[in-house]
1. Evaluate region A:623-642: report whether one residue or more is over 29 Å from A:E445 (Cβ atoms), modelled with pLDDT under 85 and among the aromatic types (F, W, Y).
2. In the list A:F708, A:F720, which residue meets the criterion of being surrounded by fewer than 23 Cβ atoms within 10 Å (Cβ to Cβ) and closer than 24 Å to A:P44 by Cα?
3. Of all residues in region A:272-309 being of a type in the set (A, V, I, L, M, F, W, C) and away from RNA strand B (no atom under 16 Å from the Cβ), which is modelled with the lowest pLDDT?
4. How many of the residues making up region A:864-884 are assigned to a helix (DSSP H, G or I), of a type in the set (D, E, K, R) and modelled with pLDDT under 70?
5. Might you check whether a residue that is part of a helix (DSSP H, G or I) and either under 25 Å from the mean Cα position of the chain (by Cα) or free of Cβ contacts under 8 Å to residues at least 12 places away in the same chain (or both) occurs anywhere in region A:45-53?
6. Cβ-Cβ under 9 Å, sequence separation 6+ or interchain: first residue in region A:1008-1029 and over 12 Å from A:I974 (Cα atoms), partner hydroxyl-bearing (S, T, Y) and more than 9 Å from RNA strand B (Cβ to nearest atom). Which pairs?
7. For A:V365, are the conditions met, namely being more than 13 Å from RNA strand B (Cβ to nearest atom), within 40 Å of the chain's Cα centre (by Cα) and at pLDDT below 85?
8. Yes or no: A:S749 more than 10 Å from RNA strand B (Cβ to nearest atom), under 29 Å from the mean Cα position of the chain (by Cα), among the hydroxyl-bearing types (S, T, Y) and modelled with pLDDT under 95?
Amino acid sequence: MPKKYDPHKIEKKWQKFWEDQKTFEVTEDFKHAEKKFYSLIEFPYPSAEGLHVGHPRPFTAMDIVSRKRRMEGYNVLYPIGFDAFGLPTENFAIKTGRPPAEVTAKNIANFTRQLKALGYSFDWSRQVNTSDPAYYKWTQQMFLQFFKHGLAYKKNLPINWCPKDKTGLANEEVINGCCERCGTPVEQRDKDQWMLAITKYADKLLEGLKTVDYITPARVQQENWIGRSEGINITYEVEGSGAPVTVFTTRPDTNFGATFIALAPDGKFVIENLEKFPERVKVEKYIAETKKKTDMERAQAGKKKTGVFTGWYAINQLTGFKMPMYVSDFVLGNVGTGALVGVPGHDLRNFEFAIEMGLEIIRVVVGPDGDASPITKPEQVQEETGAMVNSEFLNGLPIMEAKNKIMDYIEAKGWGKRQVNYKLRDWVFSRQHYWGEPIPLVYCENCKNKKQKVLIIHGFTGRADKNWLPWVKKELELRGFEVMTPTMTTTDRPILEKWLEELLPLAKQLGEDDVIVGHSLGGKAALHLLEKLKNKIGYLYLVAPALATLTDEDLEIKKKKKPERDYSTVQSFWNAPLDWQKIKNKVFSGNAIFSNDDPSVHSVGHDVLPEGWQVQTVSGYEHFTVEPEIPVLLDLFLQSKHTGWVPLPESELPLELPAVAKYQPTDTGESPLATMTSWVNTTCPRCGGEARRETDTMPNWAGSSWYFLRYTDPNNDKEFASPEKLRYWTPVDWYNGGMEHTVLHLLYSRFWNQFLFDIGVVPTSEPYKKRTSHGMILGPDGEKMSKSRGNVINPDEMIEKFGADAFRCYIMFMGPFDQAVMWDTNGLVGVRRFLEKVWGLQEKIGESSPPALSIAMERGLAPPSLAKEGWGEVSQRQTLSILHQTIKKVSEDIEAMRFNTAIAKLMELVNEMTKQISLLPTHYSTLIQLLSPFAPHLAEELWSKFGDGTPLAYSAWPQFDPELAKESIITIVIQINGKVRDELTVAPDISEDEIKKLALESEKIHKWLEGKTPKKIIYVKGRLVSVVV
RNA sequence: GGGCGCGUGGCGGAAUUGGUAUACGCGUACGUCUCAGAAGCGUAUGGAGCAAUCCAUGAGAGUUCAAAUCUCUCCGCGCCCACCA
């Protein structure tokens, strides 16, 4: 007789076994790279409260998937770590004075104990902790990469300020105008903040979504958050003033119906022109009133529209209509251009405003049934069928066509330019807190004030006074640069040695803040110059550089295009070999820019330029030789303008958090680090002069933006992960997390990964192949669990009472995985009973034949219809059939995350086996395998007795055999006019004709037919016969 | 206001995607074991009816031999977004 099921004993035993045997530690199997599987869960924040019952839901789900994958022969990485920076720990430190690092270590130890008690197949050897200097060294290094590529910048801007937490918040962290964490209404405050330019990745983030397998709501939420809208910026002349007004609109098709302009009180136009408004006094008074309102109040729906006339009119070029210009608070300064063109006929807010102000309302799109009558009621505003009216050359066109036609027209007339707008804002990356990664920059006044030099090298036949060179020189000089634009003596018949001879003396004057710009062949020259140069320079900008090999054919094409040139020396210049090793470390930041209508773009890219160099492509400037002014270039070159912020050299990373006396943020809003003068005052790594450290720290989204990369090689101290291991493991095959993270964390980490891909340090652009989400676990009262409600369930207690296996199974059984479910401790009882039954089945194992039919009949276990066959054979076949149905169902359900029905099917199988008098060991061992992902400890214990000697975790996942799954008898339902009237028990391979015949012979059916002849008989294979009379 | 989703026994939830509605579990009732209780085990369990049958998937209509599933109109609930031009 087996002993009683004792989960505590079994669970401890097998947890120790897995740990001792290193069962779940993985190493890369580079030879079979296609058989890897990387499954990921969102790593927990190690709070003082310990594990919450919400955590085990995704952890168990992915543990089940991972365990199944191992049994299917995959090399599975299922890692765990801790997202350890965060406010709760800091707040605890403020209260108690205990160092956050110490508290964190203690919390992690507690989490680790709890997680291990649940028997997860994590590879604990790869554990990461974002607050460990060995980890955040790389977070800091990556931040410096953003900085070097001009994607991190400091900006004084009104930020969301939480007066309680004393910290700035990202837009994404503000929920309905309140702090996401503490619910305090958010104030606006001006503060210098580090920003990451995620908006530059808006398109890539949107495009990337098309290549990944995310559950629909996650994809849609990301798309909405990025909020791309295509429209046009239209500039209107303003009567009597020198200043035209520019508005952004997504509905230019309705422009014939534009009757007013509304300006944001805090918008650019109002700020610049306030002094000149004829109605200045009234406007000022209105703005003062607006300022009393929070953004929250201004954004309130259904509010009565207010506004004040400025005294100016803008002219609608299409109609000549004099559009009065108003200042109104329903227009927001940070949306579009901070100004809108009012079309009251086709926008409800515009309509309400027009009614308040008594403005004209013109219909330009017909309503239902071709209604073209004037619009008088709000309901009519958005009744649009598609045909334009009262719009001259647009009349009769559908909206989309009209939109394109009018945009073409406006652009042709020079009144406006198409514009893509995004809802996405740049990422506020500064926190005025102690417990985060220090930002590894120092501020050096000396470096800031030093005059920077720019050396611009022209291309083949270029000169100092050609193309954009004079213009850029002037613009850069205006901004304090010293610009050198030499003309090469051999510009028309270029000879590399000559060029270098002339350029070297100039380049030798350059230092680490200075810039070299090379256009076309000058780009090639710049690289050769760097080869020769002993000193390091700051920035290199290659503008459509001649980097690809110039073949004979290419040369012929060029000759045909411009036959007047002397090409005799170009090819040897162009194709001179480069030593990238010598060049790479000579520049702090390398950039290349191409125009997409430039032939050279096709052959140059990441493969030619060194890792870490940024490449961008713009449109509309063929080889950068046509336009005299190219603002894109100026923007690019200005990235090198010294702001005084100097990055620490990598050798000085990690910049560790110093010990401080107090963790409270200062009242000025600076972080507690600001009070550490001995830490703050330092020397500049660039010039050696006096400098101050940045005292802001990073948000806790930083460390979690790349943790999945670190798991691939967590102990590497040379790089954040080795390229081979990254190539082997990434992308993550399956990432499960909470819906609440689909906009914040998921977007940030995608951005971070795409950037790392662009600088060539990770192998894939998209970090996660597949994304799924779990629903929340609510308290027994149906409310969100929280300490204040007192409805929190403690997992420790549940494991103590029912065992980890029962707990795991219940969490998966309680309801559909993606939906919110209520906790019900009673439910655990049922699952525990199920496991007891599985345990009890041991008694029935026997190699010999099952008992005689007579006993089975006696106990009512054998259906009389089967009396002809041997009972044992039949009962075993029945078990086998259900067993195979279960293999199919469990295998499929795990893939689709229908864990609840997988367990239900296992319960059915066990109930069936319980009815049997005897059980074959192979049937039992298959059950154990199917159960093992859900209840791994119990499964291991039973496998040690009934398994085949192989380690359970790596035993082969049972294979479904459709033949064996076939049932020996099936039930066919007979319907008459859709109502079930009888059922027949038949062999599964019965023919259609035969079953139809049997159906009509049925006594009950005869009765129901009442002698009528069936009109139609429908047979659904294996299910039913439907008779229609 | 916009978008997404949901509504099935006393409760959590199933339903091969249009094919026997209520699988599996909880709870409940009765039986069994026990000095007794708990835990087991067994049987029953959507509603009405002695029964044959009839009625049931938020309400109402439609398509179909057949609808929880598809279509339309309501009602109720949840989440996300929102004077975004």
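The values are calculated or read from the model by the stated rules, or taken from the named source; none is laboratory data. Not measured: the values here are computed from a predicted model. Don't worry about glycine lacking a Cβ; one is built from the backbone with ideal geometry, like all the others, and counts go over all protein chains shown.
1. Looking for residues that are over 29 Å from A:E445 (Cβ atoms), modelled with pLDDT under 85 and among the aromatic types (F, W, Y), one finds none in region A:623-642, hence no.
2. A:F720
3. Looking at residues that are of a type in the set (A, V, I, L, M, F, W, C) and away from RNA strand B (no atom under 16 Å from the Cβ), I get A:A288.
4. Adding up the residues that qualify gives 1.
5. No, every residue in region A:45-53 fails to be part of a helix (DSSP H, G or I) and either under 25 Å from the mean Cα position of the chain (by Cα) or free of Cβ contacts under 8 Å to residues at least 12 places away in the same chain (or both).
6. Correct list of pairs: A:V1029/A:T1013.
7. The answer is yes for A:V365.
8. Yes; evaluated as a whole, the condition is true for this residue.
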